[in-house]
Amino acid sequence: MFSKLKLLRFAACVAFAALGRGWENWSWSSDINFAATDEFAGASGSSISVNSSAYAALSVKLEGTFPGYAGLRFDIAGMQPDLTIFIQSTGDNDQSPSIALSDISKTVVDGTFSSLLINFNDLPATGAQISGNDTWDRLTFQAGGNGAFYHIDNIVLVNEIVIPPLFLSAEPLANDIIAVTTQGAVDLTDIHVALNGQAVNILNSTTYVPVDTPSNSITYLNLASPFQQGNLSITAGNATFAYSLPAVQYGSIVQQVSTPINPHIYGVNFPTSASYIQHLGVTISRWGGNAVTAYNPFGGFTNAGNDWYFENRANDDADDWIGWVQGAGSDTLVTVPALDWVSKDATSYSYPASVYPDQTGFDPYNSDAGSGLLPNGSYVTPVPNQSNVYVPWNTTAAKQWLTGLQNKPFMVSIDNEIEIASNTHQDMHPAPMDYDEELARVISFGTMIKEALPDTLLVAPSTCSWWYYWTSEVGYTDNAAHYNIDFLPWFLMQMKQHDNTTGQRLLDYLDIHYYFQPDTSANDAAAKALRLRMTRSLWDTGYVDESWVGTSPQNHQWNPTSVNLIPRFKTLIAQNYPGTKLSVSEWSSTDDTDITGGLVTVDALGIFGRYQLDSATYWATPDELGPIGLAYWLYRGYGTHFGSSSAQVNLASPNPDTQGVYAGTENGKLTLVIVNKNPDTPISFYLANVPTGTYFIRHFGGQAGVAKWQTTITLKQNTYTVVPAYTALFLQEQ
């Protein structure tokens, strides 16, 4: 129910006059008809027709401000347009969290309007809030990378939203807990539980509201009897929730058999703030990616290469970044450019349309800046004069920068994926890079780094993917020229030989980037199941990769159809350059917004600890309130830590396709993380050697949804512990 509406569009007006009084059109790169009559939802007989190119937007600004509203309502028609909605305060550059249209509705169709509502106190997908006290004055509907065509009507700011009372979910959790989520003022006494037809009393309840999503709440009901195999029924008001609790799986935890966990496995690229680092427990933060290759620290400029039309732009200062990140409690991994050029200013670009008109695409915000790619798939030639956009860079300039840093990084990497610079930065380095050039750049810049920052750990070569672990951009002739030795084993051998010659270790970490190769882009049930089981490629020698890797191996390694990432590279290091640590400075779940992406991340972080990976940073910056952010929060958030060592887990019937069980130990206290990858079936365990007593628990996923749920429980027995479907559960002995 809405008691007050503020119209953005008046029905009686046409064209630009269709905007309400005081509203201005701030849209860009979009064909907009404010009085389209081909489709409409309201009584006016017209709507707003929008055809936005990639990343373009319908955007309107009020001359005043519109604080204090409860939500936004609008009608929209189109083939599920790829849109992100956000509100801004142009006076102080503040912006609300971005809201994907797909998180509001996945059933928007062409020809029929869907009436949608955004509750500013409970944003879709995250439950975050938009402050009612900010000076909001701009509303934007921005298209994604493929553009968007749609009709929109009846855009209304809502003064009041009345939430009807409703039980949203009720799930079994741990040994004897029912977790209940609600909306509105429900009657929590109207909940009844039965197990195998017998009523189970509720002893007490505790309600928890996450601090950063106060619109969400969860109530934990403590039952008088523990769970067991059978049929569980929960009646809450007019809603009924039924579960078939499965037969128990047997296992044991052995804290006495443990291996240390390097805390640097819980890292991300480019955290957004000090509070972000602390809320998620980020242990190492990386300044990296394609945009760092051209970073000029003397001017604060950079260029992302073919990631964004080879355009120079202003960039944050690395020294300042190191300072605030380390001040927030995170170590830092900083990338040093190692090609021959860096950006000269914040405005130049390599492929202007005025010189190269026949390119495949142009920046939607700067129509003169081109992609550098011709319609036939080849790069623009001849290569533009680099001095038009860049200034020279070498070890002398880099040393001047590093020695002048006020804040010293913990780790330094030598550029980013330079083995593919002839693609990502073709305007800077058009020739394919071979084995010898990459090694020479690592040694020359690495030697300089150790001179400038002798206490900093050196990380290289930050190779982009599985293919390039074994082969350079030059191709197989490069392998053949090096005795048919695959690239990274050869690289390790050469670094060891260099140390033998100089008498001093140069490389501290072998650094790689790892992106799962199976195609999960469909994001249907089959793709989600594949996403969840492909974490086996991190450790399992028996898992044949479900991608081209499993059918067309292009390397000279043992068991070439199995990635077996961490054990494989631990072995290669032991064979070729003992004492070197292993880092994965870029990796991803393949879907940051889907619950399965969050469960993959929980699974991977557990695997990193168990198999003793030395460092890992997620690419790029997970949303703190999204599934990936919650995976980090689960293990490390707000000062709660999984454990300093990984304890042995023995399962009678392990099934890594559908579940993961990880144990941490510290000062004799046990922590468990259990991941249920089944979309609709709970799992249960009898884990021997799990002490009874008080446990702090966290969880996300399942019917309860993506939020920072947590409470303290008493584990009365360890014979039947339940984890709901699509849920990650953390239990820490107190």
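The values are calculated or read from the model by the stated rules, or taken from the named source; none is laboratory data. All of these numbers come straight from a predicted model, not from anything done at the bench. When we count neighbours, we look across all protein chains shown, and the Cβ atoms used for this are built from the backbone with ideal geometry, even at glycine. Just so you know, the surface numbers come from the protein's heavy atoms only, side chains and all, with ligands and any DNA or RNA stripped out. Shrake-Rupley method; radii C 1.70, N 1.55, O 1.52, S 1.80 Å.
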Reachable lysines from K61, criterion Cα separation under 21 angstrom, eight or more residues apart if same chain: K4, K6
Can you list the residues, at least 5 places off or on another chain, whose amide H is less than 5 Å from the amide H of T90, using H built in the peptide plane? D137, R138
Spelling it out for T335: with amide H atoms placed in the peptide plane at 1.01 Å from N, the residues 5 or more places away or on another chain with amide H under 5 Å from its amide H are W287, S413
Along its three principal axes, how long is the stretch 466-532 when you only count alpha carbons? Whole Å, largest extent first please. 55, 29, 13
Virtual spin-label span in nm between R21 and W558, 7 Å along Cα→Cβ: 8.1
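From the helices alone, meaning DSSP H stretches of at least four residues, give me the mean residue ellipticity at 222 nm for the chain, per-run term -39500 (n - 2.57), in deg cm²/dmol to the nearest 500. Intermediate values should be presented prior to the final figure.
Values: 13 runs with 125 residues, N = 734.
So the calculated ellipticity at 222 nm is -5000 deg cm²/dmol.
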What's the magnitude of the charge dipole for the stretch 27-95 around its Cα centre, counting Lys and Arg as +1 and Asp and Glu as -1 at the beta-carbon? Answer in Debye, nearest 20. 100
Using a 1.4 Å probe and counting only protein heavy atoms, arrange K716, K450 so the residue with the most accessible area comes first. K716, K450
For the chain, state the average projected area of the convex hull of the C-alpha atoms over all orientations, rounded to one decimal in nm². 33.7
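When the expected Rg is taken as 2.2 N^0.38 Å, what fraction or multiple of it is the alpha-carbon Rg of the stretch 688-734?
Working: Rg = 11.2 Å, N = 47, 2.2 N^0.38 = 9.5 Å.
Rg over 2.2 N^0.38 Å, computed on Cα atoms: 1.17.
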The distance between the Cα centres of the stretch 248-301 and the stretch 682-710, in whole Å, is 24
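Applying 1/(1 + (r/R0)^6) with R0 = 51 Å to the Cβ-Cβ distance of T90 and K669, what FRET efficiency is obtained, to the nearest 0.05? Mind dumping the intermediate values first?
Working: r = 51 Å, r/R0 = 0.99.
Computed FRET efficiency for T90 and K669 comes out at 0.50.
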Among P430, Y577, S367, which residue has its Cα positioned farthest towards the positive end of the charge dipole of the chain, with +1 placed on the Cβ of Lys and Arg, -1 on the Cβ of Asp and Glu, and the dipole taken about the Cα centre? Y577
Restricting to the chain, what percent of DSSP beta bridges are antiparallel, rounded to 5? 80
Please compute the length gained on full extension between T640 and N523, using 0.36 nm multiplied by the number of residues separating them and subtracting their Cα-Cα distance. 38.9 nm
Using +1 at the C-beta of Lys and Arg and -1 at the C-beta of Asp and Glu, which of I512, G64, F700 has the Cα lying farthest in the positive direction of the dipole of the chain? F700
What is the magnitude of the charge dipole of the chain about its Cα centre, with +1 placed on the Cβ of each Lys and Arg, -1 on the Cβ of each Asp and Glu, and no other charges, expressed in debye to the nearest 20? 1780
HN-Hα J in Hz across the stretch 24-30 - Karplus 6.51, -1.76, 1.60, θ = phi - 60°, x for Gly and Pro: 10, 8, 10, 5, 9, 6, 9
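Let me know the charge dipole size of the stretch 294-453 about its Cα centre in debye, to the nearest 20, where only the beta-carbon of Lys, Arg (+1) and Asp, Glu (-1) is charged.
On the way: 6 positive and 21 negative charges, 68 e Å.
So the dipole magnitude of the stretch 294-453 works out to roughly 320 debye.
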Going by amide H atoms built from the backbone, whose H comes under 5 Å of the H on I261, apart from near neighbours? S645, S646
Mean Cβ neighbour count within 10 Å, used as a protection proxy, ranking 89-99, 335-345 highest first: 335-345, 89-99
Which residue, S645, A620, T593, has the largest displacement toward the positive end of the dipole of the stretch 587-677 when charges sit on each Cβ (Lys, Arg +1; Asp, Glu -1)? S645
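Under 8 Å for C-alpha pairs, at least 6 residues apart: give me the relative contact order for the chain, rounded to a whole percent. Show your work: numbers first, answer last.
Numbers: 1803 pairs, mean separation 90.9, N = 734.
It comes to 12 percent, rounded to a whole number.
Please work out the average accessible area per residue across the chain, using the 1.4 Å probe convention, and give it in Å². Numbers along the way, then the final one.
Values: 27850 Å² over 734 residues.
So the chain comes to 38 Å² accessible per residue, rounded to a whole number.
Taking a threshold of 20 Å on the Cα-Cα distance, which of the pairs K399/K581; K528/K677; K450/K581; K570/K669; K496/K570; K106/K528 fall above it? Walk me through the numbers on the way to the answer.
Details: K399/K581 25 Å; K528/K677 9 Å; K450/K581 17 Å; K570/K669 29 Å; K496/K570 15 Å; K106/K528 17 Å.
The pairs that break the limit, which is 20 Å between Cα atoms, are K399/K581; K570/K669.
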Extension length gain for D358 and D345 (0.36 nm per residue less Cα distance), in nm, is 2.1 nm
Label-to-label distance, nm, for residues given as Q183 and V391 (7 Å Cα→Cβ offset): 5.6
Karplus 3J(HN,Hα) series, Hz, for the stretch 243-248 with 6.51 cos²θ - 1.76 cosθ + 1.60 (x for Gly, Pro): 9, 9, 7, x, 4, 6
Apply 1/(1 + (r/R0)^6) to the Cβ-Cβ distance of S367 and A43, taking R0 = 45 Å, and write down the FRET efficiency to the nearest 0.05. 0.70
Over the stretch 121-279, one equal point on each Cα, no solvent: what is log10 I(q)/I(0) by the Debye formula at q = 0.16 Å⁻¹? -1.08
Label-point separation, W28 to A688 (7 Å along Cα→Cβ), nm: 6.5
Suppose the chain between E63 and T240 were pulled fully straight at 0.36 nm per residue; how much longer would it get relative to their current alpha carbon spacing? 58.7 nm
Tell me, how many Å apart are the Cα centres for the stretch 154-223 and for the stretch 537-606? 40
Tell me, what ³J(HN,Hα) does each residue in the stretch 181-189 have, in order and in whole Hz, if you take phi through Karplus 6.51 cos²θ - 1.76 cosθ + 1.60 with θ = phi - 60° and put x for Gly and Pro? 10, 9, 9, x, 8, 7, 9, 6, 7
